[in-house]
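Notes follow the structure.
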Amino acid sequence: MRSISQNKYFFLVMLLVSLIPTTSFAFTCSTSIEGKTDQELQSILNACDQEIAEQQAILADNQKQQVSLNQGISELSASINKSALEIKAQNAQIKKLGSNITQKQQYIGQLNARVETIKDSIGQIVRQTSALDNTSIIEVLLSSENLSAFLKNSDNYSEINGKLHELVLELGGVRKTTEQEKKELENKKAQVEKLKYEQEKTKKLLENLKNEKQRILNVTKGQEAEYKKDIAAKERAKNQIKNRLFRTVGGVELTFGEALKLIQPYESTIGVNSALILAVLTQETSVDGLIGKNIGKCYYNQSAKNSSNSVMSPSQIPSFLAIMSELGMDAAKTPVSCPIYSDGAYGGAMGPAQFMPKTWWDVESNTGFKARVASVIGSYSASPFENKDSFVGTALYLKDAQTRCKTSFSKQWDIWACSASKYYGGLALKGSRLTNYMYKSYGYGYQVAQRATQFAKDIDTLNL
């Protein structure tokens, strides 16, 4: 026998059931129509109409999205074609400017040769005029030459000498103007090359967007659930890339995204891909992908197995001490890289980018990357131990290497491998040592190029 509370619950459920129309949930478009009443058949028909309307709405949205994607792809294709034409025009302009610069240089050489010839002529005239000046009247009278001829020669030499001096001054002015025009052409060429670099980046980004839209379009033609799953996977990948950790000097950690933000603003100014810069930094001082984890565990005056019994080469120490003094750092307590005896007898590299002291700043010649880095970042000084400064320094060194590598290689992978090898082994690196670094799987340049290729894909993913 039910209790009062049970009876209340039973009647409440029955009331709710009685309030729900049976046709609202009993039938679907797939329900069998055999043995159904007219009312039930109408309910099935209504369910079919509703499901058809829902599917038509989904189909319309899908078709609308495909139209939008197709339009976007067409617009991107037009933009890519326009960028390609602009890049071709810039290549032609660069070639023309290079030819003009060469012509100016040749003309300057011709002017220099003419000036030197005229100077020799002036010297001869001066000597001959001096000989005439030293000839006494008695000697003239005693010689076979008459006095009027002697005076005429003297006047002719003076007149020719004066005209030659005027010509030297005129040629000097023309040379100065030509050198200024050559400099202006070089500056214009540099500007066009920078514009071309930016245009190529824009074209690549447009191509990435087009490819992504095409990919999405292909997905939308399939199952919606697969599309959502793909997008979710890509978002997870983007988060993993952005949050990948780099550890820099002093144990400070940066994510991949943060490290990219440090160097990417200078990418177009310097002309080196951020992927290559980050790959070199990772190769230089990282363990398991953490920049700076292998930053250096030795000190400059620590004993080592070499002829100087010192971690740092004696030739590097004056520059190192000067850098430490300028930065207000304790030389004896600042870690530098330890010697890797398979590559050389000495260590002593500084900071995340592992610059050698004399490369960063040579106190004897007052030259080095310190001044160049300061100029790029707009500062009075720069430090090889600061993340941004050292990153920019790496980019500048790679730019020098890249310029040399482009004379021998045209493919991006080869240029990256060559540039990284020269970063490691010196700008003069060539021959079998260079190719070993580039193409042996254990080689420095090979490993950097492989990593840079993956980093470039990661950066493209972040830019989507």
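Just one of the listed residues (Y397, Y446) is within 21 Å of I270 (Cβ to Cβ) and either out of contact with any Asp or Glu (no Cβ under 8 Å at 6 or more places or on another chain) or assigned by TED's automatic domain parsing to the domain that holds I270 (or both), namely Y397.
Among helices (runs of 4 or more DSSP H) entirely within segment 289-387, having at least 1 residues that are outside the structural domain of Y266 (by TED's automatic domain parsing) singles out 317-327.
Return the only residue of S365, S421, S383, S410 being over 14 Å from V280 (Cβ atoms) and either in contact with a Pro (Cβ under 6 Å, 6 or more places away or on another chain) or buried (at least 21 other Cβ atoms within 10 Å of the Cβ) (or both). Can you show your working first?
Working: S365 fails: either in contact with a Pro (Cβ under 6 Å, 6 or more places away or on another chain) or buried (at least 21 other Cβ atoms within 10 Å of the Cβ) (or both); S421 fails: over 14 Å from V280 (Cβ atoms); S410 fails: either in contact with a Pro (Cβ under 6 Å, 6 or more places away or on another chain) or buried (at least 21 other Cβ atoms within 10 Å of the Cβ) (or both).
The unique qualifying residue is S383.
Scoring G445 on the criteria (1) crowded, with 17+ Cβ neighbours inside 10 Å; (2) of a type in the set (G, A, S); (3) out of contact with any helix residue (DSSP H, G or I) (no Cβ under 7 Å at 6 or more places or on another chain) leaves a single failure, condition (3).
Among residues of segment 84-95 that are over 21 Å from E186 (Cβ atoms), those with a Cβ under 8 angstrom from a residue that is in a helix (DSSP H, G or I) and of a type in the set (S, T, N, Q), sequence gap 6+ or separate chain, pair up as E86/Q199.
Filtering segment 408-451 to residues that are part of a helix (DSSP H, G or I) and among the small types (G, A, S) leaves A417, S419, A420, S421, G425, G431, S432, G445, A449.
The residue of segment 192-208 that is farthest from S77 (Cα to Cα), among those that are at pLDDT 75 or above and basic (K, R), is K194.
Residue-by-condition table, conditions (1) among the basic types (K, R); (2) surrounded by 17 or more Cβ atoms within 10 Å (Cβ to Cβ); (3) farther than 22 Å from S319 by Cα; (4) more than 20 Å from the chain's Cα centre (by Cα):
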{"site": "S375", "(1), (2), (3), (4)": "no, no, no, no"}
{"site": "T403", "(1), (2), (3), (4)": "no, no, yes, no"}
{"site": "S432", "(1), (2), (3), (4)": "no, no, yes, yes"}
{"site": "S441", "(1), (2), (3), (4)": "no, no, yes, yes"}
{"site": "A452", "(1), (2), (3), (4)": "no, yes, yes, no"}
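Screening A331 on (1) modelled with pLDDT of 90 or more; (2) touching a strand residue (DSSP E or B) at 6+ places or on another chain (Cβ under 8 Å) shows it passes everything except condition (2).
The values are calculated or read from the model by the stated rules, or taken from the named source; none is laboratory data. Small disclaimer: the values here were computed from a predicted structure and weren't measured. Heads up, the Cβs are rebuilt from the backbone with ideal geometry, glycines too, and the neighbour counts pull from every protein chain shown.
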